[in-house]
Amino acid sequence: RQGLGGHKGLLGEFKSEYRNRFQLGNKSIQYALGPELKIAGANFNNAFFGISPSQAAQTDLRAYQAKSGLLSYGFNATLGLPINTKLSAMVLAGYSRLGEAAKDSNLISQFGSLNQVSFGFLFNYSL
């Protein structure tokens, strides 16, 4: 996918999901889970992980030029819960590990982590 702001880089996402549903009382609960792999170009990686020489001169970080390559790999899961005929909720969770393209950046070693965890909640109202 192409970025719309903040960078001019490219990002490729590869996912595989197993989707199914189960019954909980009279509600049909939907779920999906599976692995994910992200590969990004140098422009994308530099926008988020690169440190220019001028930025390095103003901070205690060393300059870093990110390259194209493996951005992250991980696992995601979603759970869809119907509340009533018009309202539903979705719970999202994921884990990913940053790859070669980001791991050598001082931004990660000093301020972040190679391990990335995400959670989210969505509510959907149908008219």
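The values are calculated or read from the model by the stated rules, or taken from the named source; none is laboratory data. What you are looking at is a predicted structure, and each value in this text was computed from that prediction instead of being measured. Counting neighbours? That spans all protein chains shown, and the Cβs are built from the backbone with ideal geometry, glycine included. Ligands, DNA and RNA are stripped out before the accessible areas are found, and what is left, the full protein with its side chains, is counted by its heavy atoms. Shrake-Rupley method; radii C 1.70, N 1.55, O 1.52, S 1.80 Å.
With a 1.4 Å probe and all protein chains left in place, how much of the accessible area of segment 5-127 comes from carbon and sulfur atoms, in whole percent? Walk me through the numbers on the way to the answer.
On the way: 4790 of 8120 Å².
That share works out to 59 percent.
Looking at this model, which pairs from Lys8/Lys67; Lys8/Lys38; Lys38/Lys103; Lys8/Lys103 are more than 18 angstrom apart at the alpha-carbon?
As for pairs spanning more than 18 Å Cα to Cα, those are Lys8/Lys103.
Given Ser109, Tyr64, Leu24, which one lies farthest toward the positive end of the charge dipole of the chain, if we put +1 on the Cβ of every Lys and Arg and -1 on the Cβ of every Asp and Glu?
Leu24
If you compute Cα extents along the principal axes in Å for the structure shown, which of (1) 45, 32, 30; (2) 62, 27, 26; (3) 49, 40, 24 do you land on?
Recomputing Cα extents along the principal axes in Å here gives the entry labelled (2).
Can you give the accessible area per residue of the chain, in Å², using a 1.4 Å probe? Please list the in-between numbers first.
Values: 8580 Å² over 127 residues.
For the chain, the solvent-accessible area averages 68 Å² per residue.
Just to check I understand the Karplus step: with θ = phi - 60° and J = 6.51 cos²θ - 1.76 cosθ + 1.60, what whole-Hz values come out for segment 51-62, glycine and proline as x?
So the Karplus estimates, Gly and Pro as x, are 10, 6, x, 5, 5, 5, 5, 8, 9, 9, 8, 8 Hz.
With charges only on Cβ, +1 for K and R and -1 for D and E, what is the dipole size of segment 38-120 about its Cα centre, in debye, rounded to 20? All intermediate terms of the calculation are to be shown ahead of the outcome.
Working: 6 positive and 3 negative charges, 40 e Å.
Roughly 200 debye, rounded to the nearest 20.
In straight Cα distance, which lysines are under 16 Å from Lys86, not counting same-chain residues fewer than 8 positions off?
Qualifying lysines at Cα under 16 Å: Lys27.
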